[in-house]
Amino acid sequence: MAYRISFQNDGREVYLKAWPIDLVAAIAYAKAQLPIQRIRHGARSVCVTCDRTGELVFSLVGRPDAAST
C-alpha cells in the first residue's frame with residue numbers, strides 16, 4: 001500500500017512526499033522531517049494518508065517552539 005505524507009501550515013499543504021510501501025517507515029519519516037520542513041517551508045503539522053483510500057493513518061502537530069530549540 002502507498003502513502004502520502006503531507007506537511008501543512010494553517011491547513012495549506014506546503015510539501016508533499018509520496019511513500020511507496022512501508023507505513024512504519026512513512027511515520028518515522030514524517031516525524032523526523034517535521035522540524036526540517038518547518039524550517040524550509042513553515043510546516044506546522046504533518047499527516048500520513050493512505051494513497052488508495054484517502055484514510056488518515058497518522059498525524060502530528062509540531063511544538064510552536066520546535067524550530068528554536
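For segment 3-26, the set of residues classified as open to solvent by less than 70 Å² (accessible area, probe 1.4 Å) and either among the small types (Gly, Ala, Ser) or within 18 Å of residue 63 (Cβ to Cβ) (or both) consists of 6, 7, 8, 9, 14, 25, 26, listed by residue number.
Would you point out the residue of segment 29-59, among those that are part of a helix (DSSP H, G or I) and of a type in the set (D, E, K, R), that is least open to solvent (accessible area, probe 1.4 Å)?
The residue in question is 38.
Looking only at residues of segment 30-69 that are modelled with pLDDT under 95 and among the acidic types (Asp, Glu), we find that the one that is farthest from residue 1 (Cα to Cα) is 65.
Among the residues making up segment 1-28, those that are without any contact (Cβ under 8 Å) to a residue 12 or more places away in the chain, of a type outside the set (A, V, I, L, M) and not in a loop (DSSP other than H, G, I, E, B) are 12, 13.
The values are calculated or read from the model by the stated rules, or taken from the named source; none is laboratory data. Values in this document were obtained by computation on a predicted structure and should not be read as measured data. Cβ coordinates were reconstructed from backbone atoms using ideal geometry, including for glycine residues, and neighbour counts include every protein chain displayed. With ligands, DNA and RNA removed, areas are computed over all heavy atoms of the protein, side chains included. Shrake-Rupley method; radii C 1.70, N 1.55, O 1.52, S 1.80 Å.
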